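Read the structure below first, then the notes.
Values in this text are rule-based calculations from the coordinates and carry no lab data. Please read all numbers here as calculations on a predicted model, not as lab measurements. Please note: Cβ atoms are built from the backbone with ideal geometry, for glycine as well, and neighbour counts cover all protein chains shown.
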Amino acid sequence: MTIPSLTPLSTPPSRTTGSFDDAMDTTLVELDAMVDQLNEVIPAINAAAAAMTAVGAEVTVGAAEVAAAVLAVQEVADQAGEAATDAVVARDASGAARDEAVAARDAGEAARDEAVAARDAGEAARDEAVAARLPTHYDRTNRWQGARTTLAPPAVLSVVVGEVAQRLQVPPLDITQASAWGGVTDYLTGAARAGRDFYVYVVAGGVVLSPNVTTPVGQTTATARKIGGFHCLCADVGVISEHPLSGYLAGDILPASVWDLYHRPVCSPEGMVYVEGIGKWVDIYLASVSGGALVSQYAATIADGASATAFDGYDFSEWLGRIGKRLPTQTEFMALSHGANQGTNISGAADPVTAGGHVDTAGRRMVSHCGAEDCCGAMWQWGIEAGGPVGAASWIAQYNPARTAQLGDGYNTPNRALLGGNWSTGTHCGSRCTYWATGSVNAVATIGARGVAEPVGDMRT
């Protein structure tokens with residue numbers, strides 16, 4: 001608000017300047033004018049005073065509001081302080097609870113460690129007792145498994161070696177690494193392993209592989225125990241559609257050949273594979289002679305009716321029986337030869353001479369799904385079953401007098417099955433190929449044999 005200004009008086013009357021009366025007149029006139037101005041200013045002053053009064057009231061109200069706000073802030077601050085105090089108390093309580101939980105955990109872990117120690121002590125005592133009572137003890141949680149270049153042990157092994165019982169958890173063995181062979185480096189390549197049998201030995205604190213039949217290098221029978229083994233593929237399989245061995249290379253582990261003291265044939269397991277479907281062990285290779293006995297061995301000279309030791313069907317039955325094997329039935333032959341070449345014979349259509357690693361006329365490897373070699377189109381193989389046309393209604397010698405002494409005659413003897421086809425049977429060859437037109441005394445170069453064996457009584461999985 002603006003208050004009007006007052007006009008000042010002119011020079012006051014003086015007795016020394018002009019007429020005094022005139023000056024007074026002038027002054028009175030000016031005073032009247034000033035009175036008029038005052039009359040004009042007074043309302044403005046009153047208005048200003050009223051305005052000041054209103055402002056004072058507003059200031060008073062504002063001050064009250066500020067005071068109220070201060071009180072509210074103080075109340076919030078008090079509440080925050082109380083909350084902070086409660087939080088500190090809760091934190092302290094939580095810390096105490098945490099410390100109690102940690103202490104409980106530590107106590108639990110200590111109790112667990114004690115329980116583990118007690119368990120280990122119990123197992124050690126049990127193993128010692130087992131070693132004392134059962135020096136040949138061997139057990140495991142599951143079968144050994146093998147494929148390509150990896151041998152996978154059971155989850156847990158329990159075995160007595162010498163007079164020491166061991167409980168082992170062994171990692172998978174890579175047969176391309178010296179560590180799997182106890183530091184020996186002779187068998188790290190496929191070429192060095194192709195067509196060979198290898199053995200698994202338990203030694204102090206672990207497992208090592210070796211080609212040695214009795215003990216690994218640097219060990220004795222008191223420090224190492226043979227508990228299993230496996231056979232390695234003799235030649236590259238190449239690519240064969242839907243064949244489980246497709247892509248396998250020479251020297252890779254044949255999965256079906258892996259054995260141990262529970263999962264094995266009743267005979268020596270070398271050169272054999274297990275056929276799951278029939279629950280039988282079968283020879284990988286056509287039979288050959290070594291050390292006066294029939295064996296299943298890669299690249300060995302195949303035994304037949306014209307070999308250095310000649311064999312007819314009876315001979316094979318007798319020789320196989322001496323080592324816990326027999327000739328296969330037709331059903332068994334179909335199972336063991338499943339996945340082999342069908343409708344073809346061996347490349348070159350000639351006597352294979354030696355066992356294993358051959359290809360057929362289409363360039364396909366002559367190997368079945370289980371890993372059996374030369375099943376179809378290499379040589380006929382004697383079956384155990386008899387049938388077909390019978391011989392004459394008379395007594396016929398069941399031996400060759402030029403080779404053996406009297407072994408008995410047969411009357412109306414049936415023929416015996418030949419299985420698979422030989423090198424000249426061509427498109428007739430296959431898993432179901434049979435020939436029922438020859439007797440057991442027939443000994444010719446086109447007929448060989450393959451052994452079959454039962455599994456041991458305890459077939460733990």
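If a residue has to be part of a loop (DSSP other than H, G, I, E, B) and at negative phi to count, how many in the range 232-260 make the cut?
18
So which of Thr309, Thr331 ends up being surrounded by fewer than 16 Cβ atoms within 10 Å (Cβ to Cβ), among the hydroxyl-bearing types (Ser, Thr, Tyr) and within 25 Å of Thr427 (Cα to Cα)?
Only one candidate passes the filter, namely Thr331.
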Hey, could you check the range 239-278 for residues that are among the β-branched types (Val, Ile, Thr) and under 24 Å from the mean Cα position of the chain (by Cα) and say which is surrounded by the most Cβ atoms within 10 Å (Cβ to Cβ)? Val273
So if I check each of Gly410, Gly439, Gly387, which one is surrounded by 19 or more Cβ atoms within 10 Å (Cβ to Cβ), over 24 Å from Ala355 (Cα atoms), touching a strand residue (DSSP E or B) at 6+ places or on another chain (Cβ under 6 Å) and not β-branched (Val, Ile, Thr)? Gly439
Enumeration of residues in the range 279-306 that are in a loop (DSSP other than H, G, I, E, B) and buried (at least 17 other Cβ atoms within 10 Å of the Cβ): Ile284, Tyr285, Leu286, Ala287, Ser296, Gln297, Tyr298, Ala300, Ala303, Asp304, Gly305
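Do any strands (runs of 3 or more DSSP E) entirely within the range 126-231 hold 1 or more residues that are touching a Leu at 6+ places or on another chain (Cβ under 7 Å), and if so, which?
Numbers: elements: 138-140, 145-147, 150-152, 157-161, 164-168, 197-203, 206-210, 225-231.
By residue number, 138-140, 150-152, 157-161, 164-168, 197-203, 206-210, 225-231.
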